[in-house]
Amino acid sequence: MMLRMLMLPLAATIVIELGVLLFIGERRRRVLLASVAINVLTNVPLNLYAVYETPEGWGTVVAGEALVVVAEALCYRWLLADWRQAWIYSLLCNAISFLAGELVVLICLLF
């Protein structure tokens, strides 16, 4: 059960963020593969925190997501030539995957 609670969000995040990168024209294999590794390193700890620490409202969620955005931007910067592109990749990928996750939760609550 616990493994499913970690793997399902991770798999969805990887698919969404790879889709975002491909949609915006990123084709470099090392960047796409790094996106997968980056998400394993950031998504799993964030979801473990969410499961075990019971966040107190949106402030905790925003703080966790902000840390992920910074960590991922630093990783992308290591691969890319400029900071601007690294921040755009991180912010765009994380915003879209976060909003998609919230949409899934909303749909599940409605049905």
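A few remarks follow.
- Between 0 and 90 degrees, the angle of helix 2-23 with respect to the longest Cα principal axis of the chain falls at about 40 degrees.
- The portion of the accessible surface of the chain made up by carbon and sulfur, rounded to a whole percent, is 74 (1.4 Å probe; DNA, RNA and ligands excluded).
- Angle between the chain longest axis and helix 29-53 axis [Cα atoms, degrees, rounded to 10]: 20 degrees
- Helix 83-110 and the longest principal axis of the Cα set of the chain meet at an angle near 20°.
- Of the peptides 74-83, 101-110, the order by per-residue mean of other Cβ atoms within 10 Å, starting with the highest, comes out as 74-83, 101-110.
- Extreme residue, positive dipole direction of the chain, given options Asn47, Met7, Leu109 (C-beta unit charges): Met7
- Estimated inter-spin distance, Met2 and Val104, nm [label 7 Å along Cα→Cβ]: 2.1 nm
- Theoretical gain in end-to-end length, Arg28 to Ala66 [0.36 nm per residue, Cα-Cα removed]: 11.1 nm
- For the chain, the relative contact order works out to 29 percent when only alpha carbon pairs closer than 8 Å and six or more residues apart are counted.
- With helices as the sole contributors, the chain gives -31000 deg cm²/dmol at 222 nm; each DSSP H run of n ≥ 4 counts as -39500 (n - 2.57), and the sum is divided by every residue.
The values are calculated or read from the model by the stated rules, or taken from the named source; none is laboratory data. Model, not experiment: these values are computed from the prediction. Note that each Cβ is placed from the backbone with ideal geometry, even for glycine, and that neighbours are counted across all protein chains shown. When the accessible area is computed, the model is the full protein with side chains, heavy atoms only, and any ligands, DNA or RNA have been set aside. Shrake-Rupley method; radii C 1.70, N 1.55, O 1.52, S 1.80 Å.
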